[in-house]
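Chemist: Below: one structure in structure tokens.
The values are calculated or read from the model by the stated rules, or taken from the named source; none is laboratory data. Keep in mind that this is a model prediction, so the values were computed, not measured. Please note: Cβ atoms are built from the backbone with ideal geometry, for glycine as well, and neighbour counts cover all protein chains shown.
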Amino acid sequence: MNEKPEKFIDENGLRLDGRKIDQIRDIKIEIGILNRADGSCYLEFGNNKIMAAVYGPREVHPRHQQKATKAIVRYKYNMASFSVEDRKRPGPDRRSIEVSKVSREAFEKEIFTELYPKSAIDIFIEILQADAGTRTAAINAASLALADAGIPMRGLISSCAVGKVDDTLILDLNKDEDNYGQADMPIAMSTDGKITLLQMDGHLTQEEFKKGLEMAQQGCREIYELQRKALIDHYNNTQKEIIQDAPVESVKDISTESATEEDPIEDPVISDDVPDNGNTVNDDEIKEDIPDEKEEVILDEDEDNPAIVSDETEDDTLE
Ligand code: UDP
């Protein structure tokens, strides 16, 4: 573990990693990278590296967990042994059970669970590399994996933390700021501004709490814009791939789907005036190249079943 820094904020108002006090870490997003999952997302948030996979809606096992009127949401947060400085003991612990619970609750109200009674929506989180703020980064990734799986939601969930170091509020704490800071308050927010997760370690005054909440909400709005852009880019690229891979007929089908009465898409004009580039073959030449199948096929002499034909030739027949 690093030593406690003497100062977290320098005379220019910059933090140890060069960020301003209200600046989030860089975010990198890749959507739909796991073939076996219904939806997936790999997300880097500063030095955090997170994989999220979503399965469902699917059958509930064990069955006694199923709900007659809605889908259940399950969230499993797991930290890989190699994700932290000191090896983490594999398997669930108190912390991962707590993170899983609060993160599930951050999503439950945002998903239209009533559309899928007796089914389960499973969210799996693997922390591959941790550097503080893993629960918030994981929520951002899970939100995109849910969208990738096509799970109907009221909106996306975006998440980041606000904290306090050197008696100053800072947005999105890194590892040293989290370990040695005076407070850490992760929040998650829906697209329409509802807070769906709020936790706090340490101490903030009422004024600091209000100001910190505003900073975190602003951070979530920035993250939402990045999530939205990543989804749009992903679906634009997927659409292009579908069109490139599809046979010509279905490409025409896709392109005419969006036609309306006021704005019909016209059929392409196919002209007979194809310019002769020297490779043109006329119909008679094509006919000559086609072998006369009747010569190769001789009728079976079975009188009971004259419809059966045999493709044995005299040469192939073993006497
Ligand atoms: N951490 C660790 N070992 C653990 C749990 C956490 O080294 O078993 C580190 C990890 O880098 C994590 C940070 O402590 O990101 C802060 O953990 P916290 O419980 O505050 O959750 P987070 O901020 O990651 O949501």
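Chemist: When residues of the range 179-190 are filtered for being buried (at least 19 other Cβ atoms within 10 Å of the Cβ) and not in a loop (DSSP other than H, G, I, E, B), how many remain?
Modeler: Summing the residues that are buried (at least 19 other Cβ atoms within 10 Å of the Cβ) and not in a loop (DSSP other than H, G, I, E, B) in the range 179-190 gives 8.
Chemist: Name the residue that is farthest from the ligand (Cβ to nearest atom), counting only residues in the range 108-145 that are under 11 Å from Val73 (Cα atoms) and of a type in the set (A, V, I, L, M).
Modeler: If we take residues in the range 108-145 being under 11 Å from Val73 (Cα atoms) and of a type in the set (A, V, I, L, M), then Ala120 is farthest from the ligand (Cβ to nearest atom).
Chemist: Which of the residues spanning the range 1-18 are touching a residue at least 60 places away in the same chain (Cβ under 8 Å) and either under 22 Å from Ala130 (Cα atoms) or exposed (fewer than 10 other Cβ atoms within 10 Å of the Cβ) (or both)?
Modeler: Across the range 1-18, the qualifying residues are Met1, Asn2, Lys4, Pro5, Phe8, Arg15, Leu16, Asp17.
Chemist: Find the residue count for the range 87-101, including only residues that are within 10 Å of the ligand (Cβ to nearest atom) and touching a residue at least 24 places away in the same chain (Cβ under 8 Å).
Modeler: Count: 1.
Chemist: Of all residues in the range 98-122, how many are in a helix (DSSP H, G or I) and of a type in the set (Phe, Trp, Tyr)?
Modeler: So the answer is 1.
Chemist: Next up: Need the failing condition index for Gly32 against (1) over 26 Å from Ile123 (Cα atoms); (2) among the small types (Gly, Ala, Ser); (3) under 15 Å from the mean Cα position of the chain (by Cα), just the number.
Modeler: (1)
Chemist: Out of the residues in the range 191-217 that are in contact (Cβ under 8 Å) with a residue 60 or more places away in the chain and surrounded by 16 or more Cβ atoms within 10 Å (Cβ to Cβ), which is farthest from Asn140 (Cα to Cα)?
Modeler: Here the residue is Met215.
Chemist: Let me ask something additional. Val73 fails exactly one of the following numbered conditions: (1) within 12 Å of the ligand (Cβ to nearest atom); (2) modelled with pLDDT of 95 or more. What is the number of that condition?
Modeler: Of the numbered conditions (1) within 12 Å of the ligand (Cβ to nearest atom); (2) modelled with pLDDT of 95 or more, the odd one out for Val73 is (1).
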